[in-house]
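Accompanying notes for the structure given below.
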Amino acid sequence: MHCIIIGFGAGDVKNKTIFEYADPKSEPHAIAATNINPYLVDAPDVVLPSRNRALCDVPEIGIGNKPIDGGQYLFTTEEKTEFLEREPGAAKYIRRWIGSDEFLNGYERWCLWLGEAKPEELRKLPEVIQRVEAVRKLRLESKSAPTRKLASMPTRFHVENIPSSPFLVIPKVSSERRRFIPMGFMQPDTLCSDLVFVAPNATLFHLGVLSSTMHMAWVRYTCGRLESRYRYFQGHCL
């Protein structure tokens with residue numbers, strides 16, 4: 001969100017003005033306001049309470065996976081092809097990888113998921129072992145103590161969220177020009193990055209609610225922004 005505050009103070013003033021834009025490239029138009037609240041609209045000062053749980057019984061939304069691998073386990077389609085030419089035995093460990101950009105724009109990326117691989121199998125794959133050791137070294141050299149601790153498990157991700165059944169994907173950041181935030185279902189053979197939210201056990205009903213005009217009206221007034229783009233988070237769901 002781009003916000004320019006012309007003036008502020010501890011006291012109140014009679015004449016308040018909000019400048020709004022029809023779109024990011026249009027000229028501003030002034031609106032006289034009686035009160036400018038924290039959401040930058042002419043309305044009472046209402047602060048939404050913080051909640052740790054949803055208001056009703058709905059599937060939990062969590063972040064995707066966070067490898068902390070320095071890119072060692074992630075591939076473009078071309079990189080994946082070249083890697084498997086050198087290490088064909090690693091094919092069964094390759095999974096599709098989805099982040100916000102890949103989901104919204106249809107880019108292909110891939111991930112080397114070794115979390116459930118047996119040590120005796122990995123020892124037969126020198127190209128894979130080379131990447132595992134690179135991840136171990138990267139984590140050991142980190143300034144973060146939790147990351148250095150992860151060096152003892154280099155085949156595992158820092159954050160792992162891998163549903164065993166179809167799940168709903170919600171990108172964290174999407175264009176404000178869209179009337180609705182794109183969302184969709186993925187199969188469990190796809191791994192998600194932490195740039196999307198994952199909702200296991202979600203149904204078409206939940207997708208319908210989250211894709212509704214009512215929900216988007218809520219999002220436009222309460223969600224964070226990256227520049228002017230929507231920055232979604234779990235608190236915007238049910």
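Helix 77-86 versus the longest principal axis of the chain: what is the Cα-based angle in degrees, 0 to 90, to the nearest 10?
Approximately 10 degrees, to the nearest ten.
What shape does the range 137-177 take by its C-alpha gyration tensor, where a ≥ b ≥ c are the square roots of the eigenvalues and a/c under 1.5 counts as rounded, a/b above b/c as prolate, and the rest as oblate?
The shape class here is oblate.
With the Cα gyration tensor of the range 172-238 giving a ≥ b ≥ c as the square roots of its eigenvalues, does the rule (a/c under 1.5 for rounded; else a/b larger than b/c for prolate; else oblate) give rounded, prolate or oblate?
Here the range 172-238 falls in the oblate category.
Just check the range 71-146 against the gyration tensor rule for me: Cα atoms, a ≥ b ≥ c as the square roots of the eigenvalues, rounded for a/c under 1.5, and otherwise prolate or oblate depending on whether a/b exceeds b/c.
oblate
So, in Å, what gap is there between the alpha-carbon centers of the range 123-147 and the range 33-70?
36 Å
With the cut-off at 19 Å, tell me which of the pairs 66/149; 137/172; 80/172; 66/143 have Cα atoms farther apart than that.
137/172; 80/172
Using the crude model of +1 on Lys and Arg Cβ and -1 on Asp and Glu Cβ, and no other charge, please compute the dipole size for the chain relative to its Cα centre, in debye to 20.
So the dipole magnitude of the chain works out to roughly 480 debye.
On a 0 to 90° scale, report how tilted helix 213-222 is relative to the longest principal axis of the chain, with both axes built from alpha carbons and the result rounded to the nearest 10.
Approximately 80 degrees, to the nearest ten.
Per the 1.4 Å probe, what fraction of the accessible area of the range 145-238, in percent, lies on carbon and sulfur atoms?
Carbon plus sulfur share of accessible area: 59 percent.
For helix 126-140, report the angle its Cα long axis makes with the longest principal axis of the Cα atoms of the chain; keep it between 0 and 90° and round to the nearest 10°.
Its long axis makes an angle of about 50 degrees.
The values are calculated or read from the model by the stated rules, or taken from the named source; none is laboratory data. Everything numeric here is computed off the predicted structure, so don't read it as measured data. Heads up, the Cβs are rebuilt from the backbone with ideal geometry, glycines too, and the neighbour counts pull from every protein chain shown. Accessible surface is based on the protein model in full, side chains and every heavy atom, while ligands, DNA and RNA are left aside. Shrake-Rupley method; radii C 1.70, N 1.55, O 1.52, S 1.80 Å.
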